[in-house]
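Notes follow once the structure below has been shown.
The values are calculated or read from the model by the stated rules, or taken from the named source; none is laboratory data. Source: prediction; values computed, not measured. Every residue, glycine among them, receives a Cβ derived from its backbone with ideal geometry; neighbour counts consider all protein chains shown. Just the protein is used for accessible areas: all its heavy atoms, side chains included, with ligands, DNA and RNA removed. Shrake-Rupley method; radii C 1.70, N 1.55, O 1.52, S 1.80 Å.
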Amino acid sequence: MKKIGIFGGTFDPIHFGHLSLIEAGVRELDFERAILMPAHVSPFKLEQITANDRDRLAMAELAAKESCDRIEVSDFEIKNEDISYTYNTLSEFRRRYPGYELWFMLGTDSLLTLDKWYRGPELLCEFCFALAARPGYRQAECKQKRAYYEKTFGTKIAELNNRQLDISSTEIRRSVSEGKSISGLVPETVERYIHEHGLYRSLSQRASV
Ligand code: ATP
């Protein structure tokens with residue numbers, strides 16, 4: 001069966017940890033398309049050094065351009081301007097792509113809470129999951145949780161052999177605000193975008209909406 005991978009996140013900003021995950025999905029699970037899905041963040045919820053929807057989408061697009069051509073970006077959740085529930089997004093893409101198996105890509109930290117997400121049991125029953133190890137996350141607990149999902153919900157979970165990169169968006173935002181280099185953590189085009197648009201510059205800055 002043909003497969004589509006969907007990778008949701010805040011991507012604030014997108015970094016090489018995210019890219020190594022989605023590229024491993026394409027390589028190992030042979031996704032015909034792998035879709036980066038930046039989540040909508042309400043302007044009222046933006047923290048002080050958080051980038052707005054437009055900037056996060058633009059950075060995801062820059063990163064996708066440099067990756068393999070099966071990787072693309074969707075503005076579906078951002079355009080929706082509502083709370084982005086993964087269950088609703090995946091259901092919409094299932095409707096758009098009949099005959100495809102839908103896979104949601106995620107890191108080990110997200111796996112731990114998946115059953116508590118909106119319509120968690122249905123999510124776990126109806127869709128497949130591509131899991132990427134994230135350094136520093138509770139591996140033993142993840143293993144247990146994975147076994148629980150498989151047994152309780154019959155969830156199909158594939159483990160990716162991604163290059164493990166200890167990178168987080170939080171660390172990147174902090175580094176930029178402290179004037180430290182972020183080269184090697186994000187693609188060069190994304191780094192340039194961050195500097196040219198003055199993102200994450202100071203802890204007291206509020207991103208324009
Ligand atoms: P923040 O530091 O702002 O919480 P983040 O770096 O965790 O951000 P998100 O956009 O919140 O990034 O994550 C989206 C998805 O990417 C999640 O499923 C998360 O587990 C996964 N992910 C993030 N960083 C990595 C990484 N270095 N390796 C593997 N997976 C990752």
### Task
Among residues belonging to region 88-147 that are within 14 Å of the ligand (Cβ to nearest atom) and polar (S, T, N, Q), point out the one that is nearest to the chain's Cα centre (by Cα).
Ser110
### Message
What are the pairs with Cβ atoms under 6 angstrom where one residue, in region 155-183, is away from the ligand (no atom under 12 Å from the Cβ) and modelled with pLDDT under 95 and the other, located anywhere, is open to solvent by 40 Å² or more (accessible area, probe 1.4 Å) and assigned to a loop (DSSP other than H, G, I, E, B)? Sequence gap at least six, or different chains.
### Response
Ser177/Ser202; Ser177/Leu203
### Query
What number of residues within region 181-190 are open to solvent by 40 Å² or more (accessible area, probe 1.4 Å) and within 11 Å of His15 (Cα to Cα)?
3
## Note on the structure
Scanning region 61-70 for residues that are over 19 Å from Ser183 (Cβ atoms) and outside any loop (DSSP other than H, G, I, E, B) gives Glu61, Ala64
### Message
Of everything in region 51-85, what is closer than 16 Å to Ile194 by Cβ and polar (S, T, N, Q)? Give them in sequence order.
### Response
Asn52
### Query
Among the residues of region 139-160, how many are of a type in the set (Phe, Trp, Tyr) and farther than 24 Å from Val26 by Cα?
2
### Task
Mind checking which helices (runs of 4 or more DSSP H) fall wholly inside region 96-180 and carry at least 2 residues that are buried (at least 16 other Cβ atoms within 10 Å of the Cβ) and touching an Asp or Glu at 6+ places or on another chain (Cβ under 9 Å)?
120-126, 139-153, 169-177
